[in-house]
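I have placed the structure first, in the form of C-alpha cells, so that the comments after it can refer back to it.
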Amino acid sequence: MLGVGGFFLWQAGGAALAIPAWVLAATVAGFLLWNWPRAKIFMGDVGSSVLGFLIAVFALAGEVWFDVPMLLWVILYGVFWFDATLTLLRRMAAGERWYAAHRSHAYQRLHHGGGWSHGRILGGTIALNAVLALIALWANVHREELLWAVLVAFIALTVVYAMVERMAPMYPARRMT
C-alpha cells in the first residue's frame, strides 16, 4: 500500500516523499518475509504505531504539498482503519475497557473462532488490499469520482466484515438453558 501511495506522490511531483515511502515499503516487505506464517518476529503496538504515524505523515504531506487527496490513503489503508475503528467502537459499546488486551479484531476472530490458518488470513488480506489499491488507482485518475470510490471501498469493507462476523462473531450468542 505504501508502494501505491509512493506512486501517487511521485506522479504528483513529490519525489522527495515518494522515495522515503518506497524505502519504508521495502522495509515492511522485508519484515513480512520474517513474519510470513508462522511469524518469527512481531512488530507490536510500538512498531505498528510508528508505522501508522509515518503513513499519516505521508498522507498529510501529500495532501498539503502535492495535491494528493488524503482520501486515496484512506482507501489504501481501509482494511486497517475499518477493522480497528469497528473493533474499538464495539468494545466500548459493550462496556469493555477499550485499552485492554483482546482478541476481537477480525483477523483474530477468523483464526481463533473461524479456524482459518494464518496463511489463509494473510492471503485474504492481501487480496482485499489489492482490490482497495485498484479502487484507489482508479480514483486517482478520476478525482471527480473520489467520493464514489470511497463509498465503494466502504461497501466492500462492510461486506467482508459482515462475512467475518457471520463466520466468527465478536460476541457469540449465549445459549439459554
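The values are calculated or read from the model by the stated rules, or taken from the named source; none is laboratory data. On a predicted model such as this, the values are computed, not experimentally measured, just so you know. Cβ: placed from backbone, ideal geometry, glycine included. Neighbour counts: every protein chain shown.
Is it fair to say F53 is among the aromatic types (F, W, Y) and either surrounded by 12 or more Cβ atoms within 10 Å (Cβ to Cβ) or within 13 Å of the chain's Cα centre (by Cα) (or both)? Spelling it out, it is not the case that F53 is among the aromatic types (F, W, Y) and either surrounded by 12 or more Cβ atoms within 10 Å (Cβ to Cβ) or within 13 Å of the chain's Cα centre (by Cα) (or both). Select from segment 89-141 the residues that are over 18 Å from L157 (Cα atoms) and in contact with an Asp or Glu (Cβ under 9 Å, 6 or more places away or on another chain) and list them in ascending order. Result: H102, single match. Quick check on segment 100-118. Is at least one of its residues surrounded by fewer than 14 Cβ atoms within 10 Å (Cβ to Cβ), among the polar types (S, T, N, Q) and in contact (Cβ under 8 Å) with a residue 24 or more places away in the chain? For segment 100-118, residues surrounded by fewer than 14 Cβ atoms within 10 Å (Cβ to Cβ), among the polar types (S, T, N, Q) and in contact (Cβ under 8 Å) with a residue 24 or more places away in the chain: present. Looking for something assigned to a loop (DSSP other than H, G, I, E, B) and either farther than 26 Å from A26 by Cα or of a type in the set (V, I, T) (or both) - is there at least one such residue anywhere in segment 135-145? Yes. The residue pairs whose first member lies in segment 86-97 and is over 11 Å from M170 (Cα atoms), whose second member is in a loop (DSSP other than H, G, I, E, B), and whose beta carbons are closer than 7 Å, counting only pairs six or more residues apart or on different chains, are L88/W98; M92/W98.
Within segment 114-134, restricting attention to residues that are small (G, A, S) and modelled with pLDDT of 95 or more, the residue that is farthest from L151 (Cα to Cα) is G124.
Restricting to segment 29-63, and then to whatever is more than 29 Å from I155 (Cβ to Cβ) and β-branched (V, I, T), can you tell me which residue is modelled with the lowest pLDDT? Per the criteria, the residue is I41.
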